[in-house]
Every structure is written in structure tokens, then in C-alpha cells.
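Visitor: Can you keep this structure in mind? I'll have questions shortly.
The values are calculated or read from the model by the stated rules, or taken from the named source; none is laboratory data. As the structure is a computational prediction, the values presented were derived from the model and not from experiment. Methodologically, a virtual Cβ is constructed for each residue, glycine included, from the backbone with ideal geometry; neighbour enumeration extends over all protein chains shown.
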Amino acid sequence: MARSRPPAPPVPTPAERARTLAGRAQHASVVGQVIGAGGGSDLRAAPTLHHVPATGAATLQFPSDHPLVLHARERGDALLRVLLELADVAPVTVRRPVRGLLWLSGRLRVLPLRVARRAALRIAAELPDERLLDVGHGEALLRLEPAMVVLSDAEGTEALSPTAMAAAPPDPVAAAGDRWLAHLAAAHAGTLSSLVPRLPPQLRLPGHRLAPLGVDRYGLRLRVETERDDHDVRLPFTAPLSCPGQLGGAVRALIGDERRDEVPGLPPMPRPAADA
């Protein structure tokens, strides 16, 4: 008789996960080929700053004299084919911190100065960063027009179109999730211990290290580090969340009545220092 398996926990769709990763990835690198007098050579370079909206049309900041910028200017309307790699890194300390990778392939062009300055203002309104002040003063902005997106994360590898990623709904806890995970790891060890009974029996042994690795509207992902291996376990919430304020209640439901008072809600945003 065939054994039935329990249904897999629900997860966001590949397009939703790609959109989330694109918006929060802190590490980016561009891979392209630069053609010089001696022939072609592959180039991998990290931008000064990157901004990737849901459409995947990434804005990349580089020094104006960077070989990638110079070569993109030389190509002009022909545009330069490149690959943008985005790495999603966990907000807590774990042995293997990369949670997922997103690759966007497409064509790269240098934005004219007036267009670049308007783009810098739009980005600054969403994500203030003093490095944007250097646009037009030794720094240039480039725009990647994506043709294909490939996602690789704990759920698998998937190729999708930029339009599919753009059409995906945003995860309601994505913007605050990493801050909440870091707070959970730093200040609420008791809460993590209370989740141990929800792990598979072979992962409940003393001496294993437990860390909160990821969270989305459907559930919490934990990393269990043993002496030899790392194991990721997904704990589904009883119902999908609609806002970050529901995170504390969702984890209380996972734990039950035990140690309910220790379960954190969303920590407050740090306040900017007052002017002297």
C-alpha cells in the first residue's frame, strides 16, 4: 500500500518570492563582457548602489570612469548584454547566510544626466541614501532592461518573465520581516526554544543551534545547525498574514499557551539622532 504524505506547507509563488528578493537583496554584482583592443574579457563588478523595483528594471550606480560604464557608453543604442546577480542574505548569523539568488539578464544602458538625476530623486524618496548625491559628480546611473529572471531559493529554481514578477502581489510582511527576525534572534531566545517541539524529532536534540531564517505571510522558516549539517524547517501559520502587526500573534499560535508573554511583536523603528 502506498503511503500518503502530508501536504507541503503553503509558500508564496515563485513570482512573489522573486519580487520579494529583488526588493530586499543587499548584495548585487553585474557580470558582462568588455571588449578591448586585446579582445573580450568577462567583468564582474559590484555597483555603488542598486535599486530593483518589481518590474526588474534595475537602476545601478557606478563611478563614471568604471569600465562597465565606459563600455556601455560605447555600445550606445546597441546596449550591453549583462547579468545582474542579487543575493538575499539572512539578517541573523548562520553558517550559510545566503537564502536565495536572483539573476536578471538583459541589456544595460547609461542614463543621460538629466534622466539620471530624476531617477536618483525617485529612488531617494523611497530609500534615502546619501550616495545618490554623487550622481552627476563622479557617479553615473545605468538602467538594466530585463529579458529573463531566474530564481533559486529553498523552494527550488524557477525561470520566469519580468512581467510575471511585476504582476505578483507584494508579500505584506516582507518590508518588516528581516527586522523582526533579527529582533527575535537577539532578544527572544525563549521564544525560539518554545518552537523546538514543532521541529522533526531528529532535530530536537540538545546542542543543535536554532535560528530564525525567514518569514512571509504563510509561515516562519527556521535554520537548525547541527555539527555536520544545516536543516531548514518551515512552520506554517494557522492563516496567512495581512500585515506585519500579526507576526507576534502568529508565533503565539505556533507555540500555544506556553511562554506566550515572551513572543515579540514588531520592534519599533530606530529613531534618528537629534541634531546637536
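Visitor: With the structure loaded, tell me whether ARG179 is in the same structural domain as ALA46 (by TED's automatic domain parsing), touching a residue at least 40 places away in the same chain (Cβ under 8 Å) and basic (Lys, Arg) or whether it fails that test. Steps first, answer last, please.
Guide: Working: in the same structural domain as ALA46 (by TED's automatic domain parsing): no; touching a residue at least 40 places away in the same chain (Cβ under 8 Å): yes; basic (Lys, Arg): yes.
It is false that ARG179 is in the same structural domain as ALA46 (by TED's automatic domain parsing), touching a residue at least 40 places away in the same chain (Cβ under 8 Å) and basic (Lys, Arg).
This table checks each residue for (1) in contact with a Leu (Cβ under 7 Å, 6 or more places away or on another chain); (2) closer than 17 Å to PRO63 by Cβ.
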residue	(1), (2)
SER105	yes, no
LEU108	yes, yes
VAL115	no, no
HIS137	no, yes
ALA140	no, yes
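Visitor: Another question, then. Of a type in the set (D, E, K, R), crowded, with 17+ Cβ neighbours inside 10 Å, farther than 22 Å from VAL94 by Cβ and not assigned by TED's automatic domain parsing to the domain that holds ALA120 - does that describe any residue in region 203-217?
Guide: yes
Visitor: Considering each of HIS50, HIS71 in turn, give the residue that is touching a strand residue (DSSP E or B) at 6+ places or on another chain (Cβ under 7 Å), modelled with pLDDT under 95 and either not charged (D, E, K, R) or not in a strand (DSSP E or B) (or both).
Guide: Values: HIS50 fails: modelled with pLDDT under 95.
Just one listed residue meets the conditions, HIS71.
Visitor: Any residue that is assigned to a strand (DSSP E or B), in contact (Cβ under 8 Å) with a residue 24 or more places away in the chain, among the small types (Gly, Ala, Ser) and buried (at least 18 other Cβ atoms within 10 Å of the Cβ) - is there at least one of those in region 85-99?
Guide: No, region 85-99 contains no residue that is assigned to a strand (DSSP E or B), in contact (Cβ under 8 Å) with a residue 24 or more places away in the chain, among the small types (Gly, Ala, Ser) and buried (at least 18 other Cβ atoms within 10 Å of the Cβ).
Visitor: Let me ask something additional. Looking at region 2-10, is at least one residue charged (D, E, K, R) and either at pLDDT 95 or above or in the same structural domain as PRO128 (by TED's automatic domain parsing) (or both)? Before you say what the answer is, go through the steps one by one.
Guide: Our first condition is that a residue be charged (D, E, K, R); within region 2-10, this holds for 3, 5.
With either at pLDDT 95 or above or in the same structural domain as PRO128 (by TED's automatic domain parsing) (or both) added as a condition, the list becomes none.
Scanning region 2-10 turns up no residue that is charged (D, E, K, R) and either at pLDDT 95 or above or in the same structural domain as PRO128 (by TED's automatic domain parsing) (or both).
Visitor: Looking at region 117-130 only, could you name the residues that are closer than 17 Å to PRO63 by Cα and either among the aliphatic types (A, V, I, L, M) or surrounded by 11 or more Cβ atoms within 10 Å (Cβ to Cβ) (or both)?
Guide: Across region 117-130, the qualifying residues are ARG117, ALA119, ALA120, ASP129.
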